[in-house]
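Q: Quick one: the structure is below, and I'll ask about it shortly.
The values are calculated or read from the model by the stated rules, or taken from the named source; none is laboratory data. Predicted model, so just to flag it, every value in this text is computed and none were measured. Ideal geometry is used to build each Cβ from the backbone, glycine not excepted, and the neighbour counts take in all protein chains shown. Keep in mind that these areas ignore ligands, DNA and RNA; they rest on the heavy atoms of the full protein, side chains included. Shrake-Rupley method; radii C 1.70, N 1.55, O 1.52, S 1.80 Å.
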Amino acid sequence: MDESIIDMAVLAFGLSLLVGPACGALLGWRMGLEAGVALGCLIIGAAGLAAAGVSAWQRWQLVGGTEVVQGQIAGYVTERNTDGKGKVTETRAPLVAYTAPDGEPRQVKGLGGGLAGLSAGDPVEVRYRPDNPARAVVADFQNVWGIVWGMGVFGLLPTLFGLFFVGVARGERRNVADRPPPARRDPTPGQLRWRQRVTMGSNALFVGGFLVAIFYPFDDSARSLGLGFMTIGFGMLGHFIGQSIPPAMEFQFRSIFGIIGIGFLVFGFGAWMMA
């Protein structure tokens, strides 16, 4: 499959890792640390979300223009990668054999992930282009949608942190201007009861998520970890909701619950789908 458009999007995201901090440092020098951090995170986040969008569009086109055929694991190849410090790491990539309707046997190399535990001969679905059966991809979440999920994570979390620091910077400017904080209303008894109930339920989810992630109720540890992380994420989002009920915590502080919750949710979803 043509990956050039994704490669360009990922390259743009890589450049944002240099441009974002540089622009953030310049703005921070002029307007304060919080504003600089916000700008740097937002630049990186925007590039990541753009790369995720481009990747999603390319993958959607890929899925729409391909057909599925049953293949099987033919074996594994060992790949060696060297990082900037000279450290060599080895990974095992699966080779999947498939035969398109033209009758010619072919192989396609996939990513490890959920295929790592399979043995030679185990069935695996493959997507191929009818006009060119040699152009194919393993039809699982990691090989088809993994890049979209990855770039989405790299875009979403910096964006959320950037928005958080935008709020911090606005609060700092309000304090400098000696503006009084908005008046707060006293909570009603009903609001206090709901806040307590939501907080207790969120604590139960939070603890339950840790138990699931630690004790592995599924045979597949990745699925257990994914479910545990998602449960923790829902617990953190529950705390965000609970702390938004009067007497509400300051938004910039309770938003931390939301950011952490979303982070756990997206990482947990990825672990579950790639298992």
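Q: Would you please name the residue that is farthest from G242 (Cα to Cα), looking only at residues in the stretch 186-204 that are in a helix (DSSP H, G or I), polar (S, T, N, Q) and more than 30 Å from the chain's Cα centre (by Cα)?
A: Q191
Q: Read through the list (1) open to solvent by 30 Å² or more (accessible area, probe 1.4 Å); (2) modelled with pLDDT under 90; (3) out of contact with any Ser or Thr (no Cβ under 9 Å at 6 or more places or on another chain), then give the number of the only condition that R197 fails.
A: (2)
Q: Considering (1) of a type in the set (F, W, Y); (2) surrounded by fewer than 16 Cβ atoms within 10 Å (Cβ to Cβ); (3) in contact (Cβ under 8 Å) with a residue 24 or more places away in the chain, say which one F13 fails and leave the rest.
A: Failed condition: (2).
Q: On the basis of being outside any helix (DSSP H, G or I) and open to solvent by 50 Å² or more (accessible area, probe 1.4 Å), does Q61 make the cut?
A: no
Q: Does A213 meet the test of being in contact (Cβ under 8 Å) with a residue 60 or more places away in the chain and part of a helix (DSSP H, G or I)?
A: no
Q: Another question about this same structure. Taking the conditions exactly as written (touching a residue at least 40 places away in the same chain (Cβ under 8 Å) and either over 26 Å from the mean Cα position of the chain (by Cα) or in a strand (DSSP E or B) (or both)), does V54 satisfy them or not?
A: Criteria not met by V54.
Q: Could you list all residues from the stretch 239-261 that are within 30 Å of L111 (Cβ to Cβ) and open to solvent by 50 Å² or more (accessible area, probe 1.4 Å)?
A: The one that is within 30 Å of L111 (Cβ to Cβ) and open to solvent by 50 Å² or more (accessible area, probe 1.4 Å): I260.
Q: Filter the stretch 216-238 down to residues that are open to solvent by 20 Å² or more (accessible area, probe 1.4 Å), without any contact (Cβ under 8 Å) to a residue 60 or more places away in the chain and among the small types (G, A, S), then give me how many there are.
A: 1
Q: Could you please find all residues in the stretch 92-125 being open to solvent by 50 Å² or more (accessible area, probe 1.4 Å) and in a strand (DSSP E or B)?
A: Listed by number, the residues that qualify are R92, T99, P105, Q107, K109, P123, E125.
Q: When the stretch 66-82 is examined, which residues are found to be in contact (Cβ under 8 Å) with a residue 12 or more places away in the chain and over 21 Å from W149 (Cβ atoms)?
A: E67, V69, Q70, G71, Q72, I73, A74, G75, Y76, V77, T78, E79
Q: Take the residues in the stretch 64-90 that are within 22 Å of E125 (Cα to Cα) and not in a strand (DSSP E or B), then tell me which one is most open to solvent (accessible area, probe 1.4 Å).
A: Among them, the one singled out is G64.
Q: Determine which single condition P130 fails, assuming it passes every other condition in (1) farther than 30 Å from G24 by Cα; (2) surrounded by 20 or more Cβ atoms within 10 Å (Cβ to Cβ).
A: Tallying (1) farther than 30 Å from G24 by Cα; (2) surrounded by 20 or more Cβ atoms within 10 Å (Cβ to Cβ), P130 fails exactly one: (2).
Q: Being at negative phi and open to solvent by 60 Å² or more (accessible area, probe 1.4 Å) narrows it down to one residue among L27, L49; which is it?
A: Result: L49 is the single residue among L27, L49 that is at negative phi and open to solvent by 60 Å² or more (accessible area, probe 1.4 Å).
Q: Under 6 Å by Cβ, and 6 or more places apart or on different chains, what pairs join a residue from the stretch 130-143 that is under 19 Å from E104 (Cα atoms) and of a type in the set (S, T, N, Q) with one that is buried (at least 22 other Cβ atoms within 10 Å of the Cβ) and modelled with pLDDT of 90 or more?
A: Once the first residue is under 19 Å from E104 (Cα atoms) and of a type in the set (S, T, N, Q) and sits in the stretch 130-143, no partner that is buried (at least 22 other Cβ atoms within 10 Å of the Cβ) and modelled with pLDDT of 90 or more comes close enough.
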